[in-house]
Amino acid sequence: KRLVILISGRGSNMEAIVKACAAEGWPASIAAVISNRPDAGGLQFAADRGIATAVVDHKAYASRDDFDAELARVIDGFSPDLVVLAGFMRILTPAFTARYERRLLNIHPSLLPAFTGLHTHERALAMGCKVAGATVHFVTAELDHGAIVMQGVVPVKPGDDAKALAARVLTAEHRIYPQSVRWFVEDALVWSGDTVQHRDGAP
Ligand code: GRF
């Protein structure tokens, strides 16, 4: 299986996936790491590992549609079986999400369906949540609402600020995202209607 990973920043989730793929010998290769930002730190990590990189700078396009069309063209040049959004901070058009239906994953730093959108840790703390976490899900036209593959839960601790909670959630992200991608590349995911689960019924 060929993976294309999209980033916008440091790419710590991309890094976790690249390392797990190599260390665990997945039936997969990282075909490319693509960013919408030329200054994304993760591009250097990928280049240092000999992984193809590309930049599609969203500032260079007049519309969201034009950007998404160019992004899809560049992605398809790498013939991916799966496109992985890893800290990719762009909202994608319905045409784009339809093009990659059931082969486009994202990780969101909350226990969906709670706290869709931005500033999830601040909002969880403001509500006095006792647990928090992250969700790996397939991407659909509706933001942060696609079929859930895996979730990771972490405790909220007294005195947590958003920075502390974000760091704890990030450790869960680095656990569940590689595992979720591995399930996909091993063809272990089974769909029933609009929901998906591991063929052995793993949680
Ligand atoms: C993470 O919190 C992730 O959940 C969100 O973007 C943040 C940065 O991710 N999507 P990364 O370090 O760039 O992978």
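Structural remarks
- Residue list for region 103-121, restricted to those being surrounded by 14 or more Cβ atoms within 10 Å (Cβ to Cβ) and either over 15 Å from Ala86 (Cα atoms) or modelled with pLDDT under 95 (or both): Leu111, Leu112, Ala114, Phe115, Thr116, Thr120, His121
- Contacts under 6 angstrom Cβ, first residue in region 150-172 being farther than 30 Å from His198 by Cβ, partner away from the ligand (no atom under 11 Å from the Cβ), 6 or more apart: Ala162/Glu122
- Tabulated pairs, region 19-46, first over 17 Å from Pro178 (Cβ atoms), second assigned to a helix (DSSP H, G or I), C-beta under 6 angstrom, 6+ apart or interchain: Ser35/Leu43; Asn36/His58
- Test: residue in region 130-144 that is touching a Phe, Trp or Tyr at 6+ places or on another chain (Cβ under 8 Å), open to solvent by 50 Å² or more (accessible area, probe 1.4 Å) and away from the ligand (no atom under 13 Å from the Cβ): no
- Those residues of region 3-37 which are part of a loop (DSSP other than H, G, I, E, B), touching a Phe, Trp or Tyr at 6+ places or on another chain (Cβ under 9 Å) and hydrophobic (A, V, I, L, M, F, W, C), in sequence order: Ala28
- Every listed requirement among (1) farther than 22 Å from Val83 by Cβ; (2) modelled with pLDDT of 95 or more is met by Asp200 save one, (2).
- Where a residue in region 90-118 is at positive phi and its partner, wherever it lies, is part of a loop (DSSP other than H, G, I, E, B) and open to solvent by less than 50 Å² (accessible area, probe 1.4 Å), with Cβ under 7 Å and at least six apart: Gly117/Asp144
- Unmet criterion (only one of (1) open to solvent by 50 Å² or more (accessible area, probe 1.4 Å); (2) outside any strand (DSSP E or B); (3) not charged (D, E, K, R)) for Ala166: (1)
- Flag if Ala16 is away from the ligand (no atom under 15 Å from the Cβ) and open to solvent by 10 Å² or more (accessible area, probe 1.4 Å): no
The values are calculated or read from the model by the stated rules, or taken from the named source; none is laboratory data. All values reported here derive from a predicted model rather than from experimental measurement. In this analysis, Cβ positions are derived from the backbone assuming ideal geometry, glycine residues included, and neighbour counts consider all displayed protein chains. Note: accessible area is taken over every heavy atom of the protein model, side chains too, but ligands, DNA and RNA are not part of it. Shrake-Rupley method; radii C 1.70, N 1.55, O 1.52, S 1.80 Å.
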